[in-house]
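Data block below; observations after.
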2 protein chains.
Amino acid sequence: MSLKNFLIGSPLHTVQEKKERFTKLVGLAILSSDALSSVAYATEEILMSLMVGGIALTHFSLPISLCISLLIVIVAISYYQTLIRYPQGGGAYSVSKANLGRNTSLVAGASLLIDYTLTVTVSVTAGVAALTSAIPFLFHHRILLCVLCTLILTIANLRGIRESGRLFCFPVYLFIVTVAITIGLGLYYSFFTPEAEPSTKSVLTSNWPLWILLRAFASGCVALTGIEAIANGVQSFKPPEARNAGITLIWMATLLGVLFIGITYVAKHLGIIPVLHETVLSQVVAKTFGRGIMYYIIQAATCLILLLAANTAFAGFPKLTSIIAYDSYLPKQLTSRGDRLVFSNGIIILALFALILIFIFNGYTSPLIPLYTVGVFTAFTLSQAGMVKNWITTKTHGWMRGVFINGIGALTTGVVLCIVAVTKFIHGAWIVLLAAPLIVYLMRKIHSYYSRVQNQIALKNGDTIPHYTKNRALVPISGVIKTSMNAIAYAQLITKNIDALYIALDPNDGKKIQKEWAIWHPEIPLKILESPTRSLIQPLLKYIEDIQDQEEMITVIIPALVPTRWWHQLLHNQISILLRMLLLFKPKVVTITVPLRIEE
Amino acid sequence: MSLKNFLIGSPLHTVQEKKERFTKLVGLAILSSDALSSVAYATEEILMSLMVGGIALTHFSLPISLCISLLIVIVAISYYQTLIRYPQGGGAYSVSKANLGRNTSLVAGASLLIDYTLTVTVSVTAGVAALTSAIPFLFHHRILLCVLCTLILTIANLRGIRESGRLFCFPVYLFIVTVAITIGLGLYYSFFTPEAEPSTKSVLTSNWPLWILLRAFASGCVALTGIEAIANGVQSFKPPEARNAGITLIWMATLLGVLFIGITYVAKHLGIIPVLHETVLSQVVAKTFGRGIMYYIIQAATCLILLLAANTAFAGFPKLTSIIAYDSYLPKQLTSRGDRLVFSNGIIILALFALILIFIFNGYTSPLIPLYTVGVFTAFTLSQAGMVKNWITTKTHGWMRGVFINGIGALTTGVVLCIVAVTKFIHGAWIVLLAAPLIVYLMRKIHSYYSRVQNQIALKNGDTIPHYTKNRALVPISGVIKTSMNAIAYAQLITKNIDALYIALDPNDGKKIQKEWAIWHPEIPLKILESPTRSLIQPLLKYIEDIQDQEEMITVIIPALVPTRWWHQLLHNQISILLRMLLLFKPKVVTITVPLRIEE
């Protein structure tokens, strides 16, 4: 308890909740860390995919990144439409729930849950990669570092860190500015130095260059992850919310496109090739600035913006699970807010899943990218398709333009989704294509269970409420000792109808204990139940069955010892727990434990 | 439950217990498997210890085994005395408890518990080594084989295998006869062939040859393990019990000495050197018989007798723990017999410890030997010393002879214990020298806890038994639903004094729910407890504290749902369990769960 208070802080009152409103400058920093941070690994993913076809293909990195930037423009415009239409904040789950129906919204919800988990995993592993690029000996401790980062984020979010939101601006703008300078410097050099020649001969090693190019495109699409954040968070902006959010979205998309193309161009010009121990961005910075103070500052900024990106998932995931749980498609516990006004259960579950993925994928970023991209583009497509349906149904002002823009958005993201799913299927996309339907299935199962329960516990007009008149107390005793007397005293308080029971393993014990018993409680006869197979539970269950018809309600009163230290419990048999569990399933039987506390 | 019945069999009635009485021939087989089986590894241990000092020292294996045989004679005679004096079966724990006091008996008990565990581990690993010597590719699966053997023994003992005791004779006599033939054949060859010359030059590589010899002696002393079994099991023999047991003991000691010296001699004559993948015994048999059908029969017999040796610990350990637990020095659960009339908890705990040791020591026999020997000789020494004390105190007929014989036994085994502890300290003896005092400490702690409990729950003359007159029921409800109505109905059955409580996370909820409530239960006012920090438990605990002084007894009645499938429980919050646990520690508060079962 005190450890919990130390880590998480003392409980907050519900009235203490406050919402911060962002200016455009702060909103950009807080809501775009996820999107912007992806430039730290998107170029590298393209290059790695191209490398499979031979060094020669790496020259295609620039056209591919131009295609992806076009995609960024299309998706950003689509989301601009969304935020105008849903200024209250329209996530893919809500938009598709309102427009495309239950099942589609569950698919969107499942993809988003997968996405948030992968946002944490990808960002944390990439952030640690920025760190280990700068300090190589840490490479072998990367899993430990990933775990530490995840735990720090978890604890910070369990405390509720929203109040310090403004602090987040610094690393984001540091990253934007320093990366922009790097690109500028790279461009400046590129006018004076010839393009680097690949060190090995340029040979095309694949017979399927188009396939390789498509796959590289699919890899690069990870740059779009997080682009929806502003559209989902319109209400965080100062009024006029939609206008401020819209402008911020345009800024973000522009920055994202420019930084992404810039890094890709410079990396290509410098002839940089992905290697295991150092990120492409780290190589670019090292080649332009050298490994001086600037290099370390940029690596630190990269690591920080990636951790902030991971942090956005820690805000989004618990919020989304609480919404879905409120709709009864996830366990209800996800709707309750913990001591610090955050959805603690969601935070803990997100951290658990992220840690599992970190362990499974050994702390590497790359193998996680296909999983991430499939999930993100599923959510994009469903969200845009939902908007199209919404425009068509409502036919509000400007609906034709809306259909056109969101239609193009849905179509483009849908096509990209197919490209990613097909070209990256064996590289991990299959995991999401398997997991998402499974999650949807579980959600439906959960919902049907809750409906069933709801149905059975609801009181309807005309229902009669139960009323009992007879109660018999059974007190199984293990000896003529104080615990038994305590239980009997309680039984006498609630009924006159008491059976004291002794389960005799040895038939000779019975008489002896009956005599002892009569000294203390001559008014309550002690019944001896023989147990030829030495079970302490079977004879009692049988006795209950035998008398059940004669009584309305049977109360089993179990005398118990409560030790001061939990491990002392190991020195007592746990029959009362087993008995209680078994009796839970018997109708009209309730169980009471009357404890006697053992003093030190 | 049905899996349990399949593996273990259906419960037996207490009256079905029967004890088999052995003839000398059967008793020898059943009670000597532990002792005799040690010839399968004792020679190898001597040779391995000598090898450290160079091949030259291996010539000392014969004199060392002669010394150990002398030790066998001394210990056997000592135990002969013991069985005459304690025909009811005197284990080291009982003998030292009766004669040397509590603490000494706990040391003996701890050593015996360690011994039994090591009997399982050493015998199983050695048995598997006999198997993998014959079928080399199994060597890499030895841990799996050890685990399988241990599990089979566990299940067999949980079933209670005593009835098939007679079956055990066959492998024991097969082992005795075939090993005797091997030795005979070896001796026959040794008359006609010159002694094998060590393949490498005989160089003394140690500066401390005496130390090496002492260590080899210490290793060989493992041959004595199990020699006490007959003295402990006198009552298993047909009358006259002591006489039959005594004769059997002499037979066993003779067989043990002869087989041990024989194998050592033949191994030395054939120039056999211990190797990792094949046991010395397997090499001896292969060199005398060749690897034909006889070889495989002998390996099988060796494996079987070793498993029978492990099995003796599965009989002894649970019996000993039940005796110690009966004295309140181990958890009381160890005294209760399971469905099949065996001390199931002891069997399971023994298997667990044995498996842990198998994993820690990687399925090898050799590193376990020093641990084993220290434990065994501690028990020997204490048991013999207890006998000396007993003779001196009682001064019965022949007490002077008794003192002399058992004195020599105690002295010899005590000296050997010191030799083993010192020469094998760093090789593992330290583990036992550390574990034994720890076990004794735990035993004393357990005893003091039980005394404390006993003291606090015992009813003494003049004690007044508790009697209550006032009871208030608190029913925390989560809504106007059937579960709440059930709980209220039960509350009305046991008292007129009922508080229905609703914990409001949102102050607006309160009024609404009070109105709904009044429709169904206008006679019971619903109190609203506000929870500014959203805790469902704190307001209730505070309410209980507030009213506690006014009432003698408070009954908290928790409405609960009971799902049909256990995993559905994950979809409900577990606050009732937490609440119940916290309330256990409040005096004069009892908790009842009134369940409503959810139908499929």
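The values are calculated or read from the model by the stated rules, or taken from the named source; none is laboratory data. Worth saying up front: this structure is predicted, and the values here are computed from it rather than measured. Methodologically, a virtual Cβ is constructed for each residue, glycine included, from the backbone with ideal geometry; neighbour enumeration extends over all protein chains shown.
Brief remarks follow.
- Screening B:Asp499 against (1) more than 7 Å from every other protein chain (Cβ to nearest Cβ); (2) under 17 Å from B:Thr591 (Cα atoms); (3) surrounded by fewer than 16 Cβ atoms within 10 Å (Cβ to Cβ) leaves a single unmet condition, (3).
- Selection of the stretch A:456-476 for residues being assigned to a strand (DSSP E or B), surrounded by 15 or more Cβ atoms within 10 Å (Cβ to Cβ) and facing chain B (nearest Cβ under 10 Å) yields A:Asn471, A:Ala473.
- Applying the criterion of being surrounded by 20 or more Cβ atoms within 10 Å (Cβ to Cβ) and not in a helix (DSSP H, G or I) to the residues of the stretch B:361-375, the residue that is farthest from the other protein chains (Cβ to nearest Cβ) is B:Thr365.
- Tally of residues being in contact (Cβ under 8 Å) with a residue 12 or more places away in the chain, surrounded by fewer than 15 Cβ atoms within 10 Å (Cβ to Cβ) and not small (Gly, Ala, Ser) across the stretch B:438-453: 1
- Test: B:Leu541 is of a type in the set (A, V, I, L, M, F, W, C), surrounded by fewer than 16 Cβ atoms within 10 Å (Cβ to Cβ) and more than 10 Å from chain A (Cβ to nearest Cβ): yes
- For the stretch A:505-538, filtering for residues that are among the small types (Gly, Ala, Ser) and facing chain B (nearest Cβ under 9 Å) leaves 2.
- The criterion of at least 1 residues that are loosely packed, with under 15 Cβ neighbours inside 10 Å is met by the following helices (runs of 4 or more DSSP H) wholly inside the stretch A:1-81: A:2-8, A:24-37.
- Any chance A:Val480 is surrounded by 16 or more Cβ atoms within 10 Å (Cβ to Cβ), within 11 Å of another protein chain (Cβ to nearest Cβ) and free of Cβ contacts under 8 Å to residues at least 12 places away in the same chain: no
- With respect to (1) at the interface with chain B (Cβ under 9 Å from one of its Cβ atoms); (2) within 28 Å of B:Gly338 (Cα to Cα); (3) surrounded by fewer than 16 Cβ atoms within 10 Å (Cβ to Cβ), the lone exception for A:Pro587 is condition (2).
- Taking the criterion of being crowded, with 20+ Cβ neighbours inside 10 Å and of a type in the set (A, V, I, L, M), the residues of the stretch A:236-260 that qualify are A:Ala245, A:Leu249, A:Met252, A:Ala253, A:Leu256, A:Leu259.
- Residues of the stretch A:331-356 that turn out to be away from chain B (no Cβ under 14 Å), buried (at least 20 other Cβ atoms within 10 Å of the Cβ) and not small (Gly, Ala, Ser), as a count: 2
- Scanning the stretch B:1-54 for residues that are within 14 Å of another protein chain (Cβ to nearest Cβ) and of a type in the set (Lys, Arg) returns a single hit, B:Lys4.
- Residue pairs meeting the criteria (Cβ under 7 Å; at least 6 apart or on separate chains; first within 17 Å of A:Ile488 (Cβ to Cβ), in the stretch B:463-476; second surrounded by 11 or more Cβ atoms within 10 Å (Cβ to Cβ) and of a type in the set (Gly, Ala, Ser)): B:Ile465/A:Ala489; B:Pro466/A:Ala489; B:His467/A:Ala489; B:Tyr468/A:Ala489
Matching residues to (1) within 47 Å of the chain's Cα centre (by Cα); (2) modelled with pLDDT of 90 or more:
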{"site": "A:Pro532", "(1), (2)": "no, no"}
{"site": "A:Leu540", "(1), (2)": "yes, yes"}
{"site": "A:Ile558", "(1), (2)": "yes, yes"}
{"site": "A:Val562", "(1), (2)": "yes, no"}
{"site": "A:Leu571", "(1), (2)": "yes, no"}
{"site": "A:Ile575", "(1), (2)": "yes, no"}
{"site": "A:Val589", "(1), (2)": "yes, yes"}
{"site": "A:Val594", "(1), (2)": "yes, yes"}
{"site": "A:Glu599", "(1), (2)": "yes, no"}
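- B:Arg291 meets each of the listed conditions (1) more than 23 Å from B:Leu25 (Cα to Cα); (2) in contact (Cβ under 8 Å) with a residue 24 or more places away in the chain apart from (2).
- Exclusive hit being under 21 Å from A:Gly109 (Cα atoms) and away from every other protein chain (no Cβ under 14 Å), set A:Gly398, A:Gly428, A:Gly402: A:Gly428
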